[in-house]
Every structure is written in C-alpha cells, then in structure tokens.
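**Q** Sharing a structure here in structure tokens format.
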Amino acid sequence: MKTAMQELIDELQSINSFKYKGLVIELIKNKLEKEKEQIIEAYEDGKQNGMDSITNIHMYIIGEKYYNQTYNQDRELPKDVKDMLDNL
C-alpha cells in the first residue's frame, strides 16, 4: 500500500512531457516525512484511550512500526531497527 503522496510521485514520474517534473517531485518528496508523522500521530491518537500507561516514545515506535509495515513494504529496514521493533 502507498500513501496518496507516494502514488502522486509515481504518477508524476510516468509523465514525460512535464517541464517542471523534477522540481515538483522533489517538493513532494520533501513533504513525505511530514505526512509520515501525521499518519503516525493519527494512528496513535486512535489507540490512546486504552494505552495510557505506555510512554510517548514507546507509542511513537509502535506508530512508526505500523507506518513502515503499511507504507514501506518495498523498503528493507536495517537489521538493528528490525531487532529493536521485534523486541517490543
């Protein structure tokens, strides 16, 4: 699965006659990290009621894991990151 921004980048990359394609793609890529943070925050906000005792950093790691599993399926995480997530 891809986010809407990731799909937009793919669509723009397939257009050959777009004069400012490279610039537009770079601008969109620069917004991907903010989109990721928003998705993680929304995911965590939805779970917040039943998990009040977990620290904020732990909540962020769980949200990060959700984001990576959902939207970064084609990217391989470094082994140390995988090990850390597996030990949660």
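**Q** Efficiency by 1/(1 + (r/R0)^6): what FRET value for residue 27 and residue 72, r their Cβ-Cβ distance, R0 = 22 Å, to the nearest 0.05?
**A** Taking R0 as 22 Å, the efficiency between residue 27 and residue 72 is 0.60.
**Q** Can you work out the Karplus-derived ³J(HN,Hα) for every residue in the stretch 10-19? Use 6.51 cos²θ - 1.76 cosθ + 1.60 with θ = phi - 60°, whole Hz, and x for glycine or proline.
**A** The phi angles translate into 4, 5, 5, 5, 7, 8, 8, 9, 9, 4 Hz.
**Q** Kindly put 3, 70 in sequence by how many other C-beta atoms sit within 10 Å of each C-beta, fewest to most.
**A** Ascending number of Cβ neighbours within 10 Å: 70, 3.
**Q** A further question follows. If I model a spin label as a point 7 Å beyond the Cα along the Cα-Cβ vector, how far apart are those points for residue 34 and residue 12 in nm?
**A** So the label points at residue 34 and residue 12 sit 1.3 nm apart.
**Q** What list do you get for 23, 32 if you sort them by fewest beta carbons within 10 Å?
**A** 23, 32
Every number in this text was worked out from the coordinates using simple rules, so none of it is lab data. Nothing here was measured: the structure is a model prediction, and the numbers come from that model. Ideal geometry is used to build each Cβ from the backbone, glycine not excepted, and the neighbour counts take in all protein chains shown.
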